[in-house]
Amino acid sequence: MSKFVLIGSGLAGGLLAAYLGRRGYEVDLFERRADPREGNMVGGRSINLALSTRGIHALEQLSIADEVLRNAIPMRGRMIHDRSGELHFAPYDVDPNKHINSIGRAALNTTVIESAQRYPNVRVHFNHKCTDVDLDSATAQLLESGVEAAVSAANERVIHASGDAVLGVDGAFSAVRQSMQRKIDNFEYDESYLPHGYKELTIPPGPNASWQMEKNALHIWPRKSFMMIALPNPDGSFTCTLFWEFEGPRSFATTKTDDDVRRFFEEEFPDAVPLMPTLLEDFKTNPTGSLVTIRCAPWFYKDKVALVGDAAHAVVPFYGQGMNAAFEDCLVLDQCLAQFPQDRQRAFAEYFVRRKPNADALADLAIENFVEMRDKTASRTFRAKKKLDHFLEAALPGIYLPLYTMVTFSRIPYAEAARRARRQNKIVYGSLAVLAIILIITMATLLFR
Ligand SMILES: Cc1cc2nc3c(=O)[nH]c(=O)nc-3n(C[C@H](O)[C@H](O)[C@H](O)COP(=O)(O)OP(=O)(O)OC[C@H]3O[C@@H](n4cnc5c(N)ncnc54)[C@H](O)[C@@H]3O)c2cc1C
């Protein structure tokens with residue numbers, strides 16, 4: 001049986017190891033960080049995430065969806081917070097049973113790693129940082145570090161891990177991808193950053209671990225060029241994320257003192273401030289993350305190396321799909337390996353052909369959704385459009401599907417969902433325009449008869 005060396009045991013790495021373990025492959029999974037079960041998830045990534053249909057489906061194939069969803073909090077729609085503190089709830093779908101799920105990153109990471117470790121042919125090695133990959137021999141060079149190694153280079157040891165193939169599941173700043181960039185002629189690579197960064201803040205639980213805002217919603221404070229969102233946690237708290245310009249007259253760069261921070265929050269999010277007792281401390285202490293979109297091609301080298309998840313296609317988080325797409329990658333790669341068991345290069349090529357257009361489409365959708373969330377959700381027109389979407393979905397079942405529904409509550413490939421939404425928009429808004437013209441002509445005829 002072939003042996004795979006996996007680099008990165010984040011969300012997709014653990015899941016992919018479980019898929020490969022189930023097929024009977026030998027798997028060595030190397031992760032630069034310590035075991036997340038030792039409670040040391042390094043900050044800088046979101047504490048909680050929205051899990052939806054695609055991700056759930058991938059978890060179901062390994063029978064771990066129920067375990068993950070047991071600790072999830074359903075979010076049935078967006079709760080929009082105006083500057084005045086007025087609230088508007090917009091359900092995600094016409095069907096009230098359709099919801100997305102707020103889940104903790106650390107717990108999910110632990111579940112996928114443990115599901116991989118159920119297979120005796122899967123071995124997980126923490127504290128191993130990949131520094132290079134020799135593509136032709138499918139060999140990863142790794143720096144093994146002891147607990148104290150972070151402060152002493154003397155505690156590090158270089159080791160080499162070889163397999164039939166190396167799979168880079170090592171996130172947006174993938175070392176495996178960097179090796180491919182260095183060594184593959186004409187490797188296409190593009191990274192683009194939004195002018196916005198993000199910072200996580202907290203709304204703690206209320207009395208008796210109660211939620212201080214509506215629990216079953218994703219809260220949004222849309223403020224045109226920036227926004228704050230909040231997702232509920234099982235302990236009664238909410239994790240808020242402020243997405244804000246790095247630079248500019250009012251931005252992370254210009255908001256330095258406690259007074260600046262307090263003034264900004266009191267002006268923009270007055271209803272949230274009383275619920276955020278640790279606001280100043282959180283704002284000063286928590287890192288400001290950047291928001292990157294990464295596109296590259298190809299995602300594989302011969303039958304030796306392939307990229308999965310953010311390593312292949314990091315997207316900005318505004319559709320809540322990065323992890324869901326990474327999980328879908330694992331499922332598709334598993335299917336391709338099963339389809340071509342004797343020809344791994346063909347399996348990798350098929351996986352790339354099936355996933356690349358969808359990853360590209362998702363990258364565009366995610367950026368478009370930032371504009372929708374931070375600006376359009378605040379408008380009456382947007383709310384009217386959502387109602388029209390839901391009306392058409394109910395009136396034309398199976399024929400009309402809103403884009404959000406296709407992306408979040410179906411497994412229609414992202415590229416197809418985007419194309420179908422464009423077609424639907426043309427028909428619906430074209431028909432509305434024709435109706436409006438007919439109405440105007442009729443009224444004008446009646447008036448001037
Ligand atoms: C603010 C924010 C909010 C988000 N919200 C959502 C959401 O609601 N829903 C959603 O679906 N997605 C969301 N995402 C996206 C999601 O976090 C990613 O798409 C997902 O984590 C990708 O999984 P991955 O396994 O590919 O990468 P990662 O989760 O980044 O895992 C990569 C792993 O590789 C390890 N690693 C890195 N380099 C090396 C190395 N050199 N050697 C060894 N190990 C290495 C890392 O330590 C890490 O454990 C969000 C992202 C952000 C930033």
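The values are calculated or read from the model by the stated rules, or taken from the named source; none is laboratory data. Since the structure is predicted, the reported quantities are computational estimates derived from the model, not experimental observations. Cβ atoms come from the backbone with ideal geometry, glycine included; neighbour counts cover every protein chain shown. These accessible areas exclude ligands, DNA and RNA; they are computed on the full protein's heavy atoms, side chains included. Shrake-Rupley method; radii C 1.70, N 1.55, O 1.52, S 1.80 Å.
Hey, any hits in segment 207-222 for a residue that's closer than 22 Å to Ala366 by Cα, buried (at least 18 other Cβ atoms within 10 Å of the Cβ) and out of contact with any Lys or Arg (no Cβ under 7 Å at 6 or more places or on another chain)? Can you show your working first?
Quick first cut of segment 207-222, residues closer than 22 Å to Ala366 by Cα only: 217-222.
Then drop every residue that is not buried (at least 18 other Cβ atoms within 10 Å of the Cβ), which leaves 217-222.
Still in the running and out of contact with any Lys or Arg (no Cβ under 7 Å at 6 or more places or on another chain): 219, 221.
Yes: one or more hits.
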Practice prompt. Scan segment 380-403 residue by residue and report those that are surrounded by 13 or more Cβ atoms within 10 Å (Cβ to Cβ) and not in a helix (DSSP H, G or I).
Written response: Tyr400, Leu401, Pro402
Response to the item:
Exception for Glu156 within (1) at pLDDT below 95; (2) within 12 Å of the ligand (Cβ to nearest atom); (3) touching a Ser or Thr at 6+ places or on another chain (Cβ under 6 Å) falls at (2)
Discussion item. Any residue that is within 16 Å of the ligand (Cβ to nearest atom), touching a helix residue (DSSP H, G or I) at 6+ places or on another chain (Cβ under 8 Å) and at pLDDT below 95 - is there at least one of those in segment 287-307?
Written reply: no
Fill in: Single residue of segment 117-143 satisfying the filter (in contact with a Leu (Cβ under 6 Å, 6 or more places away or on another chain) and β-branched (Val, Ile, Thr)) that is surrounded by the most Cβ atoms within 10 Å (Cβ to Cβ)
Val124
Worksheet item: Could you list, in sequence order, the residues of segment 287-316 that are in contact with a Leu (Cβ under 7 Å, 6 or more places away or on another chain), open to solvent by 20 Å² or more (accessible area, probe 1.4 Å) and closer than 17 Å to Leu362 by Cα?
Response: Val315
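Against the definition (within 30 Å of Ala175 (Cβ to Cβ) and either outside any helix (DSSP H, G or I) or at pLDDT below 95 (or both)), how does Glu114 come out, yes or no? First the steps, then the outcome.
Values: within 30 Å of Ala175 (Cβ to Cβ): yes; either outside any helix (DSSP H, G or I) or at pLDDT below 95 (or both): no.
It is false that Glu114 is within 30 Å of Ala175 (Cβ to Cβ) and either outside any helix (DSSP H, G or I) or at pLDDT below 95 (or both).
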Fill in: Leading residue by the ranking (most open to solvent (accessible area, probe 1.4 Å)) among those in segment 178-206 that are within 16 Å of Asp136 (Cβ to Cβ) and among the aliphatic types (A, V, I, L, M)
Ile184
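Quick one: would you say Glu144 is of a type in the set (D, E, K, R), part of a helix (DSSP H, G or I), farther than 30 Å from Glu67 by Cβ and at pLDDT below 95? Reasoning before the result, please.
Details: of a type in the set (D, E, K, R): yes; part of a helix (DSSP H, G or I): no; farther than 30 Å from Glu67 by Cβ: yes; at pLDDT below 95: yes.
Against the criterion (of a type in the set (D, E, K, R), part of a helix (DSSP H, G or I), farther than 30 Å from Glu67 by Cβ and at pLDDT below 95), Glu144 does not qualify.
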Response to the item:
Apart from one, (1) within 16 Å of the ligand (Cβ to nearest atom); (2) surrounded by fewer than 24 Cβ atoms within 10 Å (Cβ to Cβ); (3) not polar (S, T, N, Q) all hold for Val273; the odd one out is (1)
